[in-house]
1. Tell me what the chain gives for mean residue ellipticity at 222 nm when only DSSP H runs of n ≥ 4 count, each as -39,500 (n - 2.57), the sum divided by the residue total, rounded to 500 deg cm²/dmol.
2. Count the net charge of all other residues whose Cβ sits under 14 Å from the Cβ of residue 42, scoring Lys and Arg as +1 and Asp and Glu as -1.
3. How much length would be gained if the chain were fully extended between residue 64 and residue 130, taking 0.36 nm per residue of separation minus their Cα-Cα distance, in nm to one decimal?
4. Summarise the accessible area of the stretch 57-104 (1.4 Å probe, protein heavy atoms) by the percent that is carbon and sulfur.
5. Between residue 28 and residue 49, how many nm apart are label points set 7 Å from Cα along the C-beta direction?
6. In the neighborhood of residue 91, defined by Cβ-to-Cβ distances under 10 Å, what is the net charge if each Lys or Arg adds +1 and each Asp or Glu adds -1?
7. At what distance in nm do the modelled label points of residue 167 and residue 103 sit from each other, each positioned 7 Å from its Cα along Cα→Cβ?
8. Along the charge dipole of the chain, pointing to its positive end and built from +1/-1 on Cβ of Lys, Arg, Asp and Glu, which listed residue (51, 74, 132) has its Cα farthest out?
Amino acid sequence: MKTLKYVSLLIFFLFLVVSNGMALFSFSGYSLLSNTTSHLGAKGSPNSWVMNSVFVALGTMAILVTFHTGVRYHQIVGAIFGLSLVMTGFFQHAPLIQSMSVNQLEDQIHSIFAGITGFSFTILAVDHTFISSGSQRTAGIIMAIVAIVISLAMMNFPAIMGLLQRVMFVSAFGWLFFFLKTPNGTQVFKNPNFDRIS
């Protein structure tokens, strides 16, 4: 389990570096405020494979972390969340470089998986509030509210959607990788290596 935590920390740190640092090496005019991480991984964006690889790593780790909770609901929803994020790395956002042609189907698939990613994370956070208590329940409520509010804000304030999405990613994976614990009695199998609240 310690290995999982260390790898989670590494991937989390990698996301921070890539999602912010790659803005310096992306297409001309890229803005941390208005452009999202999907734009870094968009078809035609310089070094887009780096951002897309981070999406795959984050999604894979989310699947592993939720599986190790031992909670069947977390495992199922976590698998949907993680897999959909992985798929956003394979199906790229439409290019933001005007000279490139747009693959409408791939862009639509990317958008669908991005939507599933956000929705499934919200469901995961909501479910956690029902099986937990104390600070774990409070954190679940906060994460569900944050996910909904930021999603709505990104649609209504496109000028800062890049910043908002980064806040969402940092808070979501910070919670999932480093704070999430499940209470005894909710697991379908006993994993003695997973920290649970008593």
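The values are calculated or read from the model by the stated rules, or taken from the named source; none is laboratory data. No experiment lies behind these values; they were computed from the predicted model shown. A quick note on method: Cβ atoms are made from the backbone with ideal geometry, for glycine too, and the neighbour counts reach across all protein chains shown. Protein only, heavy atoms only, side chains kept; ligands, DNA and RNA dropped before computing areas. Shrake-Rupley method; radii C 1.70, N 1.55, O 1.52, S 1.80 Å.
1. Numbers: 7 runs with 132 residues, N = 198.
Taken over the chain, the calculation gives -22500 deg cm²/dmol.
2. In short, -1.
3. My answer for the length gained is 21.6 nm.
4. On the way: 1500 of 2230 Å².
It is 68 percent, rounded to a whole number.
5. Modelled inter-label distance: 2.5 nm.
6. Working: positive: 43; negative: 106, 107.
Residues near residue 91 contribute -1 overall.
7. Distance between the two pseudo-spin positions: 3.4 nm.
8. It is 132.
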